[in-house]
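Encoded as structure tokens, the structure appears first; notes follow it.
Computed from the coordinates by the stated procedures, all read-outs in this text should not be read as laboratory data. In this text, all values refer to a predicted model and were calculated from it rather than measured experimentally.
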Amino acid sequence: MSPVTLAPARFLITLAVCLLALPGLAPAQTPAPAGVEVSGANLAQPVRLSPAALAKLPRQQVVRPDHDGKKRTYSGVALSAVFTAAGAKLGADLPRKGMAHYVLVSAADGYQAVFALAELSPDFATRTVLLADRCDGQPLPATAGPYQVIVPDEKKMGRCVRQVQSLRIVAARP
Ligand SMILES: Nc1nc2c(c(=O)[nH]1)N[C@H]1C(S)=C(S)[C@@H](COP(=O)(O)O)O[C@H]1N2
Ligand SMILES: [Mo]
């Protein structure tokens with residue numbers, strides 16, 4: 001066949017390939033599911049806490065300086081309360097009292113930070129680590145919210161993970 005008769009066929013094939021590729025592009029545009037996913041520990045399946053479920057939990061405040069040193073009042077729910085609401089066991093109820101468990105916090109941009117589970121357990125910790133949704137009475141900006149971990153008294157903000165998507169409780173392995 002001559003290249004001239006092939007041209008329309010090639011066009012149709014290119015068109016078909018482009019159309020078939022369209023659904024593959026769609027997931028990239030789908031927004032992340034709302035709320036926060038909790039997994040690990042004793043949970044057989046991940047549990048997603050919706051914004052409505054999170055809004056029902058008892059609220060607390062944490063005052064700490066922001067990245068620019070300005071004193072801010074964050075409010076939200078203690079991470080320990082989030083775990084309890086998801087049915088995740090903390091500390092004493094886990095094997096070896098959960099002393100070798102840690103929490104992996106993951107964000108929308110792939111950023112991650114870990115806490116020892118004991119740091120977040122009210123039986124051990126003397127401070128409250130928050131899953132905050134407000135700063136100085138306002139919802140968090142889109143770059144930080146809807147949920148940001150707020151650690152009260154750490155000098156750097158590296159573990160104040162913005163745009164939190166999931167919390168996973170992991171048992172360290174020897
Ligand atoms: N999702 C996400 N959270 C994050 C980071 C990040 O890169 N991604 N950087 C951390 C670091 S190192 C710091 S200092 C603070 C910076 O917060 P700010 O940009 O709101 O001042 O966010 C922390 N939380
Ligand atoms: Mo940082």
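For the stretch 36-171, what's the radius of gyration and Dmax over Cα atoms, in angstrom?
Taking only Cα atoms of the stretch 36-171, I get Rg and Dmax of 13.9, 42 Å.
Setting aside same-chain residues fewer than 8 positions from K155, which lysines have a Cα under 28 Å from its Cα?
Those lysines meeting the cut-off are K70, K71.
Mind listing the long-range amide H neighbours of G145? Cut-off is under 5 Å, sequence gap 5 or more, other chains count too, H placed in the peptide plane at 1.01 Å from N.
Q163
What are the ³J(HN,Hα) couplings of the stretch 129-135, residue after residue, when phi is run through the Karplus curve with 6.51, -1.76, 1.60 and θ = phi - 60°? Round to Hz, x for glycine and proline.
The phi angles translate into 8, 9, 9, 8, 10, 9, 10 Hz.
Contact order normalised by length for the stretch 49-174, with contacts defined as Cα pairs under 8 Å and 6 or more residues apart; what percent is it?
This gives 27 percent for the stretch 49-174.
First check a/c for the stretch 73-112, with a ≥ b ≥ c the square roots of the eigenvalues of its C-alpha gyration tensor; if it is under 1.5, answer rounded, and if not, answer prolate when a/b is larger than b/c or oblate otherwise.
The shape class here is oblate.
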